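Each remark here refers to the structure printed beneath this line.
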Amino acid sequence: MSPMPPNNRLLPGHIEPPLRPIETVDASGSVSFRQVFTVLRRRYQLILAMTLAGATLGLFLASREPATYRANAMLRFAGERRALTGDQEQTPAGSKSTADPLQSILELVRSRAVVGVVVDSLGLQLHSRTPEFSTSELEQVRVDSRATGDSIALEFRPADVIARRADRTVTAPYGQVLNLGVVQFAVRAKPAVETALLGIAGREQVIDELVLGLQLARLTETDVIHIGYVSSDPVKAQRVVNTTVQAFQSLNVQWARERSRRRREFLSEQLAQTDSVLARAQGELSLFRSRQQIASSSAKLQAEQVAAISLDTRIAELGADRETFGALVGRLKSGDEAGRTEALRALATSPAMADNPNVTNLYRSLINYQDKLDSLTTGPWRSSATNPDVIQLKALATNTQTRLGDAVSSHVKAIDARMASLTALRRRTGTSMETLPAMEEEEMRLRRRVEGLANMGDEVRRDYQRARMAEAVEAGDVDVVDLADLPYSPLLSGSALKLALGLVLGLLLGLVLAYVLEALNTSIRRPEDLEAFLHVPGLAVIPRIQGGSGNGRSRLKGLLGGGRPGGTESGSPMAGGQTFSIGIEAFRNLRTSLIWSDGGEALKTLVVTSAAPGEGKTMTAANLAVTLAYDGLRVLLIDCDIRRPRVHGLFHLPRAPGLMELLVSPRTQNGQPATPPKAIRDTSVAGLSVLPCGALPSNAANLLSGTRMRILLEELKERFDIIVLDTPPVLATADAGIVASLTDGVLLVVRAGTTDRNAAQRAYQQLANVGARVVGTVLNDPGGEVAKEGDYYYPYDYAAEEQ
């Protein structure tokens, strides 16, 4: 073998490719998009098959489903009743209602009360057990709510119909009612069938089914509600929807009027109670005022206060007068003439004296006497003091003055008496005023009670009038916008849903199965997996061998190693006659990797083996030997697979004599075969010789492990540049390990998508245990498993395409 460059050198332009991480299905549940995409690429046929199976199943189920029809009606929340009556009884005063009127209507429409009316009106308890006969052909259906579990047999004759229930038989013409006790109905006309069987279901059961079947929806941001029902009978769907709408509208008015009636009755009772309590309160107020002999405590209190003030003023005035007159009496009775004169002058000017006629008359008489006395005792014709007239006038004046003093004293006493009387009256007034605030407070309490009861009575009376009006109004809050028309086209939603569901379930099942298969698949599929598990360089990937078309990409039916025994595939080095192809470039790449591998320059003997049978080791060994021979090396290919030899068939050579004959041939004293058989044969490839396996002796395994095998290899090294040995699988027999321990290196072939990781590791470990040096691995990919991971073969295709 020619000298090799140092193993630490790189070819010009060569870049050591980075290893991608091993992409396996993560059992923890964390899956990357690349992993999912890879699984889809590898298992797309399974996923597509499961999806088609699911779609087929959905289509089958959809085809067996009877046609269904949907009827729709429309309601509108108009609030007409509230507008007419001002009915706000649902919302108590002072509280904020959080109820949604439209949602309340939805719940009321599907209430058992409404649905029960529909069931009874349409006789839905009666159902047909004959598919060709529909209950829509019946009319005037009445079913006892207690009836359940019975069956009715109908026989349709040309002119009439016979109905049988238990031991009861009834005959009636078409259009007339058939009375069977718990159920009665009429058949409109003769149907297409001759007989039919009807069943009676329980009322509660039918109500439950209808509640579940009603489809209610409200349009967003509107006050419109849609009511729908789906049935295989379009007439039944229409009748159910329209009857539901009409029943709800009627019950809505009935509920509202019943609510108004109860409210009216309640308000009537409240009004009677309020009036009775008001009458009692008014009687208590009147009795209180009569007992106190006042019309109003507040007016009496005000009058008492005015009287008290008046009395206090009068007493004060009388006190002042008494003080004045008392002083005047003292001065009148004094001996001082000037004082008496001054007192008389003051008495004359006193306003109080004008109210006393006695004092006034005496004072006038006194003034008259004094005037006469003055006229007699003054002037030129004055009389003497002894004049009888003067004496008489003085006596009269003195007497009158005395009488005037007595009169003033009597007036003072009268003032004292009046003051005493007014003071007593003032005391009584004060005592009366002390009780007046309590009386006023009690009267105010009674008056407020009367006013409150009167206001309450007025409010109750107004509510009572409104309740009477609401009870009389025959309108509800819901208007029927559209009744349901007879549906004419069946729904496709059920069939489409089953088909879509089948597709989705099939797709999901396919994905799950693909994921499970990926999780259970522990085979090696990529070069990175092989290098990561064995920690041995991956020297080459042998792709699907393709034929000799110019672009290097056309597929052939055969795979490398998959042809019939003894044959070769076009596109491989063994086919010859092709300068460039994917197979040739793959084995050239393997040759280059071997040369530049660690210790590649010292490789004289190379074992090509695999972990298990069927991984392509023989074809790899043969094609590698051909590729090395193309480079001008002297190459010997030895078939050491003594149990399943195939090399001789690939090159169309006889099996014997071969390796076994060389090992069992007699030897001379120096170890050379006495008469060496013609075992090594030339081939059509220049520089390539083949040593077939030979005939299988009984001790073949011992021959391979003996000294003669070691000596034979040493002899052959002198004649050839490199020897390639095809051995059995490592895990199948011990021969591979035996032969590998005698050679310079081992090339382990792994088939992508077939070889288990644990098997490859065990094979590598067995080779390491016998001291063999695994120089690298080859990933054989006849099934295109690696291609599903990405474009690995562009460098190979490039050469063939350019050529």
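Details
- Amide hydrogen proximity for S232: with H placed 1.01 Å from N in the peptide plane, the residues at 5 or more positions away or on another chain lying under 5 Å are Y69.
- Rolling a 1.4 angstrom probe over segment 214-268 with all protein chains present gives an accessible area of which 46% lies on carbon and sulfur atoms.
- The H on the amide N of V481, modeled in the peptide plane, is under 5 Å from the matching H of M74, L75, R76, each at least 5 residues off or on a different chain.
- Gain on full stretching of the segment that runs from S684 to L287 - 0.36 nm per residue minus C-alpha separation: 128.2 nm
- Sulfur and carbon atoms: percent of accessible area, segment 584-641 [1.4 Å]: 51 percent
- Backbone geometry of segment 180-191 corresponds, through the Karplus equation with coefficients 6.51, -1.76 and 1.60 at θ = phi - 60°, to 3J(HN,Hα) couplings of 10, x, 6, 9, 9, 6, 10, 9, 4, 8, 5, x Hz, x marking Gly and Pro.
- Of the listed residues L271, L704, the order by accessible area with a 1.4 Å probe, largest first, is L271, L704.
- Local electrostatic count, T171, Cβ distance below 12 Å [Lys/Arg +1, Asp/Glu -1]: +1
- Apportionment of accessible area to carbon and sulfur, segment 679-774, percent (1.4 Å): 45 percent
- In terms of packing, defined here as the mean over residues of other Cβ atoms within 10 angstrom, the peptides 122-130, 739-747 line up highest first as 739-747, 122-130.
- Cβ-derived FRET efficiency at R0 30 Å, R634 paired with V664, nearest 0.05: 0.70
- Solvent exposure, largest accessible area first (probe 1.4 Å, DNA, RNA and ligands not counted), of K236, K372, K678: K678, K372, K236
The values are calculated or read from the model by the stated rules, or taken from the named source; none is laboratory data. Only a predicted model underlies this, so the values are computations on that prediction, with no experimental measurement involved. Using ideal geometry, Cβ is built from the backbone for each residue, glycine included, and neighbour counts are taken over all protein chains shown. Remember, those area values only see protein heavy atoms, side chains included, never the ligands or the DNA or RNA. Shrake-Rupley method; radii C 1.70, N 1.55, O 1.52, S 1.80 Å.
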